[in-house]
1. Which condition from (1) crowded, with 17+ Cβ neighbours inside 10 Å; (2) modelled with pLDDT under 95; (3) of a type outside the set (Val, Ile, Thr) is the one that Asp122 breaks?
2. Is it the case, given these coordinates, that Gly229 is in a loop (DSSP other than H, G, I, E, B) and touching a residue at least 60 places away in the same chain (Cβ under 8 Å)?
3. Is there a residue being over 19 Å from Leu240 (Cβ atoms), open to solvent by 20 Å² or more (accessible area, probe 1.4 Å), in contact with a helix residue (DSSP H, G or I) (Cβ under 6 Å, 6 or more places away or on another chain) and more than 10 Å from the ligand (Cβ to nearest atom) anywhere in the range 60-72?
4. Out of the residues in the range 229-259 meeting the condition of being more than 11 Å from the ligand (Cβ to nearest atom) and closer than 19 Å to Val121 by Cα, tell me which one is surrounded by the most Cβ atoms within 10 Å (Cβ to Cβ).
5. Is one or more of the residues making up the range 34-41 under 28 Å from Asp236 (Cα atoms), of a type in the set (Gly, Ala, Ser) and open to solvent by less than 20 Å² (accessible area, probe 1.4 Å)?
6. Looking at the range 138-153 only, could you name the residues that are touching a residue at least 12 places away in the same chain (Cβ under 8 Å), in contact with a strand residue (DSSP E or B) (Cβ under 8 Å, 6 or more places away or on another chain) and either open to solvent by 20 Å² or more (accessible area, probe 1.4 Å) or farther than 14 Å from Asp74 by Cα (or both)?
7. If you scan the range 159-177, which residues turn out to be within 16 Å of the ligand (Cβ to nearest atom) and surrounded by fewer than 19 Cβ atoms within 10 Å (Cβ to Cβ)?
8. Taking Ile213 as the residue in question, decide whether it is open to solvent by less than 20 Å² (accessible area, probe 1.4 Å), of a type in the set (Val, Ile, Thr) and over 20 Å from Val66 (Cβ atoms).
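The values are calculated or read from the model by the stated rules, or taken from the named source; none is laboratory data. Keep in mind that what you see is a predicted model, and the values were worked out from it rather than measured. Positions of Cβ are generated from backbone atoms using ideal geometry, with glycine treated the same way; all protein chains shown enter the neighbour counts. For accessibility, only protein heavy atoms count, side chains too; no ligands or nucleic acids. Shrake-Rupley method; radii C 1.70, N 1.55, O 1.52, S 1.80 Å.
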Amino acid sequence: MSGWVALTRPVPQSIVDCQLTHISRTPIDVERARAQHAEYEDALRTCGCTVVQLPELRASPDSVFVEDVAIVLDDLAVLTRPGAPSRRDEVPPMAEALRPYRRLAALEAPATLDGGDVLVVDRTLWVGRTSRTNAEGISQLTRCVEGAGYVVRSIGVAGALHLKTAVTRVGPRHLLVNRDWVDASVFGGVSLIEVDPTEPFAANAMLIGDRVIHSTAFPRTHQRLRAAGIEVVTVDASELAKAEGGVTCCSLLVRGSEA
Ligand code: CIR
């Protein structure tokens, strides 16, 4: 068993009714969003993933953003309880999708936690305190993963939907960060690359192996990544950005697994 499986879900027509927190609603061209999602799946393949597209969930407007409903680690997967009630129907189908790959644990009420708030760096899970993730969610996640040798540390996030809107890994020892939204001084033993100030949403990048998938919307930040020796694979993600989604949210990576 080797490589990566990337789980994705199609863009439903209902995405036009998606949750929005920090941005205003603008019309989403669903066909264009679907074409961009297909381009994103191609980028995942370019980065060495086997893409497994799960069935469409027509009644769940945000179901393309699979990242939020589970945290997949090497040892287990934790099903979340998303902070937005409209997203909780996405969890049972994800449990079925993940069962062939991992032992499962699950958060329960009153916990809330979105996968977009969980940044894994080695054996540390940094968890953002946001409108989607509460203290009980962080406590329950800790209980689920500590037996497998993971440490959970919570971190404040201001002005962004999720922790990974503000900071993501772009290399074994590199983080890409928007310091307006998160206090990056807490991350030890890593090099910080700051987003270009004109591209505040550029901190969401997706690391797979030694390549990074990143939106075409952030050319100035690409220059910073390339200057650090990081290979960037670009995708147009502009329609999904209107739903407040970035590149990490549209897949769940399962390392070293085949169903
Ligand atoms: C939501 O508000 O839940 C969706 N419209 C966007 C979720 C994006 N997910 C992520 O950044 N992990």
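1. (1)
2. So Gly229 does not fit the description; no.
3. no
4. Val254
5. no
6. Ile138, Leu141, Cys144, Val151, Val152, Arg153
7. Gly159
8. Answer is no for this residue.
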